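The values are calculated or read from the model by the stated rules, or taken from the named source; none is laboratory data. As the structure is a computational prediction, the values presented were derived from the model and not from experiment. Note: ideal-geometry Cβ built from the backbone for every residue, glycine included; neighbour counts use all protein chains shown.
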Ligand SMILES: [Zn+2]
C-alpha cells in the first residue's frame, strides 16, 4: 500500500513539474494570440482648435491619410477585444483602432464625413444623459443614423460621466452603491434600448483607472472590458478593466503621430507637473465634464 501511495505521489509530482509548454502541446490552451494594437482616442473635431480636446478636420484627415499611406489597417475595437477574450484570431499586423469618447455633436457634423471617405470603423463611448439633451451632444436620431451606416459601434461611458472618486467622498456608502449601480445599469440599458446591443465595453470617465469595487460592479452589470487613458498599445498582457488608449490631440502630427503608432508611451496627452519639488508627467486635465 505504501509503495502504491509513493508511486501515486511520484506521478503527481512529476505531472506538476511538466513544463507548461509540454502540456500546451497536447491540451489546447484558450486561444489568445499575440497582438500589439494602438487604440487612438479622440473627443471633438472642427475647423479650428477651440480647446485641448479638439482635433481639426485637416489634422484628422492627415492622420487617416498617414495610416493609409503607411500600411496601417483600422479595425473595429470589437475585433481586437474578441481576440483578447479568446474568441477570434489575432488581428493583422499594423492594426490600429479609432475610438471617440463623449458623443460630441462634432462627431456627426465633422468626423463622420472623413470616416466615410476613408471607410474606417469607429467605436463611440457615450454617456446617455447628454444625448438629445445637452447642446454639445448628438441626438439619439444622429446616433441611430451613424450606427445604421455600419461604420460606428456605440458603447458605454457610464450614465452621466461622473468622477467616481469625488462621488465616493460625498455620498454615504449605501448612496454611493446606488449611484454606481445607476451609472452602469442605466447606461447599458438606455444604449441597448435606443440603439441595440450588445453594450459590454466601458470607457472610464476621465480615463481614470477604477478601484476594485468599481471593476466588480462593472463586471456584474455585464461589462467585459474597460478602457483608461494609460498610454501604450493594447496587448494580451493587459488587464480587462484597465485597457490602454492613446489620447490624441491636435499636436499629434507627423513624427508625433508616428511615435504613437509605434506604441511610444511619451507624447501628448501628458503635461509637466510638480509634486514635492519633483517634476513629473501626468495626464492632461480635462477642462470640463466632456
Ligand atoms: Zn469622457
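Observations on the model:
- In the set (1) more than 16 Å from the ligand (Cβ to nearest atom); (2) assigned to a loop (DSSP other than H, G, I, E, B); (3) within 22 Å of the chain's Cα centre (by Cα), the condition left unmet by residue 52 is number (1).
- Verdict on residue 147 being modelled with pLDDT of 95 or more, surrounded by 16 or more Cβ atoms within 10 Å (Cβ to Cβ), away from the ligand (no atom under 16 Å from the Cβ) and under 14 Å from residue 222 (Cα atoms): no
- Residue 134, sole failed condition from (1) touching a helix residue (DSSP H, G or I) at 6+ places or on another chain (Cβ under 8 Å); (2) in a loop (DSSP other than H, G, I, E, B); (3) within 16 Å of the ligand (Cβ to nearest atom); (4) free of Cβ contacts under 8 Å to residues at least 40 places away in the same chain: (1)
- None of 120, 80, 59 is in a loop (DSSP other than H, G, I, E, B) and touching a residue at least 12 places away in the same chain (Cβ under 8 Å) except 120.
- Residue satisfying all of: in the stretch 194-216; in contact (Cβ under 8 Å) with a residue 40 or more places away in the chain and assigned to a helix (DSSP H, G or I); farthest from residue 244 (Cα to Cα) among these: 194
- From 198, 209, residue being at pLDDT below 95 and either closer than 16 Å to residue 126 by Cβ or surrounded by 14 or more Cβ atoms within 10 Å (Cβ to Cβ) (or both): 209
- Qualifying residue in the stretch 151-173 (condition: part of a helix (DSSP H, G or I) and closer than 19 Å to residue 109 by Cα): no
- Residues (within 15 Å of the ligand (Cβ to nearest atom) and surrounded by fewer than 24 Cβ atoms within 10 Å (Cβ to Cβ)) located in the stretch 101-122: 105, 106
- Residue pairs whose Cβ atoms lie under 6 Å apart, sitting 6 or more positions apart in sequence or on different chains, and linking a residue in the stretch 150-173 that is over 22 Å from residue 228 (Cβ atoms) to a partner that is at pLDDT 95 or above and assigned to a loop (DSSP other than H, G, I, E, B), are 151/121.
- Residues of the stretch 178-193 that turn out to be within 14 Å of residue 214 (Cα to Cα) and either in contact with a strand residue (DSSP E or B) (Cβ under 6 Å, 6 or more places away or on another chain) or touching a residue at least 24 places away in the same chain (Cβ under 8 Å) (or both), as a count: 5
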